[in-house]
Amino acid sequence: MSHAAAAVDHQHHHEEHHHEEYSYTGVTNKKVMMWAFLASDCMFFGTLISTYIIYHGKSLTGPYPVEVLSIPVTTASSFVLLMSSLLMALSVAAVNRQDIFQFRLWIFLTSVFGAIFLGFQSYEFTEFVLKGVTVQQNLFGSTFYTMTGTHGLHVAIGVFWLFSWFVYSFFGNMKDKAVDIEVAGLYWHFVDIVWIVIFTVIYLVEFVGVKA
Amino acid sequence: MSTSTEEISTGGHVHSHPEAPEQGMLGPRPSAKRGIWSWLTTIDHKRIGIMYGLAALFFLVLGGLEALLIRLQLAVPNNALLVGDMFNQMFTMHGTTMIFLAVMPLIAAFFNFVVPLQIGARDVAFPRLNAFSLWVFIAGAVLINVSWFAGGAPNGAWVGYPPITGPQYNPGHNSDFWVMGLMLLGVSSVAASLNFFTTIVNMRAPGLSLMRMPVFVWMTIVTNILILLAFPPITIALAQLMMDRMFGANFFNVSKGGMPIMWQHWFWVFGHPEVYILILPGMGIVSEILPTFSRKPLFGYPLIVFSGAFIGFMGFAVWSHHMFTTGMGVIAVLAFSVTTSIIAVPTGVKIFNWIGTMWGGNLRMTTPMLYALSFISMFTVGGFSGIMHSAAAADMQQHDTYFIVAHFHYVLIGGAISALFGGIAYWFPKITGRLMDEKLGKWAFWIFFVGFNMTFFPMHILGLNGMPRRIYTYHADMGWNFWNHFCTAGAFVLAVGFLLFFINMFNSLKHGEIAGDDPWDGRTLEWSISSPPPEYNFAVIPQVTHLDDFWHKKQSGKASASWDGKLIHMPLPSYYPLICGVGMFVFGMGMIFLKDNMMVFLPIAVGGILLLTFAIFGWALEGPGGEMIDPTKESGAYN
């Protein structure tokens, strides 16, 4: 039982505290790990998006994407998600200068915007099912739901994560948490960037050459 | 995946006062230092490494018994021991077990035990995430094997090609177990890789620049980058197969336009890097053993390092050589034929460097050295047959025959297992404090070596004579009788070799000669500390100035640095990684049976997720914690 190191004086304790954060590169462990995870996640979404592209135009029966995808609705939801990235940046800036009030405000709004995006996605999925696009219907359905569903799951985890930080800020000390928020921000921005790719490749490119 | 990101949010450097035990959501944190609970809640990389190793050896024995059953069935023509589906289950589980439950975790055991010691660190970057990887691995391994008692084991081969594994042709739960089990193992591997990548990047001792890292550490980081980039494609492919099987999607359903060939691509985009995931750590181990027992520095260290990195890079550019017979078209076949030939070059460079290391050296033929030599020679044989496959025209003849079976067993047993067993013999004194018996060790080695070649060399001949793999019997007049009989005899000799090795391990654990800190006159940092190492590894973090730093310090008489009087900060054990593992196991079981009865199994799956969520929150809120250790008052060992 080494809680028995009771005789430790405070000075000593602080020295050791700094020692614990030793890093060969000077970048914190959490940040290195998040960048590595995002590299891995690139392959994750890369596989999903390539599958969609490879199966594009291969559905044997309708409804086809050009009949159901709605650019106006998804433009609105994409805008909301992009704005949440701005709010995320504001949260990180606020926690860096230890402005807890602003941090709470921005992180709360970030998760609300994320939740609004998820609302749009539920609306979109419901619409599509009503129009006959299901996972079982055709290749478009299988690939579309698997890909956007995985992205939605990432957003949902992000919303949950950021909202937990909002709650935590009321009863926990945010003093040494700037790195954690920054790392959560990296994740959130990445999820947004993936959506930009999905929106471009799956939604916009579909309508190239199609007259309104 | 989500779990590994959630780890980021664990923020809390909860620095409670050392007098009061820290509180988690379940009350006080675990405090057992001995006994079963200390192992279940440990976050010590050495204990986690030992558990990985023991689990891996258990599954190696299990996979070995499966192999013996396969060989018994094939010993004589028209045998009726394991027929049809039972045989399919047996070879599927043999392959899956050996690759994912034996060799990969045995490699993980070495990563865990050796890497922090070789880089002069007190633990990995995320000790609790490390325990999480272990328990999720155990969860996945148990989950797959539960299938034996729940309607039948996976039966679609370790490559799991649909439509054989699709819902139309495989309606039972066999493949569901395989899909969910591999997904859990993927989560475990990716979490471990994030951890070891960060550890090697960030936790190196001062002065341990990249080109001063031991080759094993280099191969570890290359392997972990491969895992990070290769596991997502297979995870998605498994998710697609799961969508097909559980929710009626059409990814591989030909009648709706799906293309089963896409599974093959995603599988091998993962599967070929996986081959290097299995072999690169072995190359690292051999690069540690050879200089030690040749009493010479590694010949061409930078070349070996760059060759390893180049192999890792090229590993992503050769996957379609597994698919030469699928009709990809001339251009694709040519391109992959060329890249496959290219990847032989860095491998050859390494082999020549190892020979150069021994050239003119003062060779000591210890057990680890014998296994290392076995690695070089047998892996070279496997490499040669591999080069034969890069010629697409020849590969058309060899595809799916026993020639392929011979090839990859030369790479995986002659290569990976030789190196890993050499590694066990080499680091056994560091892990246990006792040396393995040399006499029995050499007997075990030679029986292993002879048995291995008896079993697998004739398979080249069988393959070239046209015997296909994955068939459960053959006619007596095919001309395959003698060599099949011979292979089966060899398999039992090989099994005796393994058995003797295990007996040696077990005996030496109790009766082995006391090793001391540095029994081999080693070159790297792990030999500078006691055997077994204390909980905190290094009382003083070493200052590194050279490649083979410990060797240099011994030569210049500066080997022993004394404790500087600072207390050592170590993180505390935790219940939550284990609870995460249990949650994921429950979730997996719920998903597998979801289709049978939604009302029962949906709540089970959701329950698993809730348990996981609870554990993640508990994990985040308790923080890594910390206790201050006085090295003069600690006994050190973990057993």
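The values are calculated or read from the model by the stated rules, or taken from the named source; none is laboratory data. These numbers come from a predicted model, not from an experiment. Every residue, glycine among them, receives a Cβ derived from its backbone with ideal geometry; neighbour counts consider all protein chains shown. Accessible surface areas use protein heavy atoms only, side chains included; no ligands, DNA or RNA. Shrake-Rupley method; radii C 1.70, N 1.55, O 1.52, S 1.80 Å.
Observations
- Counting Cβ atoms of other protein chains within 10 Å of each residue's Cβ and taking the mean over peptide A:43-50 gives 6.
- Put a plus charge on the Cβ of each Lys and Arg, a minus charge on the Cβ of each Asp and Glu, and nothing anywhere else: the dipole of chain B about its Cα centre is then about 740 debye.
- Magnitude of the charge dipole for region A:28-207, about its Cα centre and with charges confined to Cβ atoms of Lys, Arg (+1) and Asp, Glu (-1), is about 320 debye.
- Taking region A:28-207 and dividing mean pair separation by its residue count, relative contact order in percent (alpha carbons under 8 Å, at least six apart): 36
- About its Cα centre, the dipole of the protein assembly as shown is roughly 1060 debye, where the only charges are +1 on Lys and Arg Cβ and -1 on Asp and Glu Cβ.
- Rolling a 1.4 angstrom probe over the protein heavy atoms with all chains in place gives chain A an accessible area of 45 Å² per residue.
- B:R434 long-range amide H proximity, modeled H, under 5 Å: B:A515
- Summed over the residues of region B:257-301 and divided among them, the accessible surface reaches 19 Å² per residue at a probe radius of 1.4 Å.
- Phi angles of region B:444-457 translate, via the Karplus equation with coefficients 6.51, -1.76, 1.60 and θ = phi - 60°, into HN-Hα couplings of 4, 4, 5, 5, 4, 5, 5, x, 4, 5, 4, 6, 9, 5 Hz per residue; Gly and Pro are given as x.
- Alpha-carbon centroid distance for the pair region A:47-66 / region B:157-221, whole angstrom: 29
- Among the residues of region A:133-159, those with an accessible-area drop of 20 Å² or more from chain alone to full protein complex, heavy atoms and 1.4 Å probe, are A:V135, A:Q136, A:L139, A:S142, A:T146, A:I157.
- Solvent-accessible area buried by A and B, counting both chains, probe 1.4 angstrom, square angstrom: 5800
- Peptide A:53-60 has a mean of 3 when you count, residue by residue, the C-beta atoms of other protein chains within 10 Å of its C-beta.
- Computed over region A:28-207, the Cα gyration tensor eigenvalues convert (square root of 5λ each) into semi-axes of 34, 17, 12 Å, ordered from largest to smallest.
- In the context of the full set of protein chains, residues of region B:101-247 present 19 Å² of accessible surface per residue (probe radius 1.4 Å, heavy atoms only).
- Charge tally in the Cβ shell below 13 Å around B:T326, where Lys, Arg are +1 and Asp, Glu are -1, B:T326 excluded: -2
- Residues of region B:232-246 whose accessible area, computed with a 1.4 Å probe over protein heavy atoms, drops by at least 30 Å² once all protein chains are present relative to their chain alone are B:P232, B:I236, B:M243.
- Degrees between helix A:71-96 axis and first principal axis of chain A (Cα, 0 to 90, nearest 10): 10
- Radius 15 Å from Cβ of B:M467, net charge of other residues (Lys, Arg +1; Asp, Glu -1): +1
- Whole-percent carbon and sulfur share, accessible surface of region A:28-207, 1.4 Å: 75
- Our coupling estimate for region B:225-236, obtained by passing each phi through the Karplus curve with A = 6.51, B = -1.76, C = 1.60 and θ = phi - 60°, is 5, 4, 4, 4, 8, 9, 6, x, x, 5, 4, 5 Hz, Gly and Pro reported as x.
- Of all accessible heavy-atom area on chain B, the percent that carbon and sulfur account for (1.4 Å): 72
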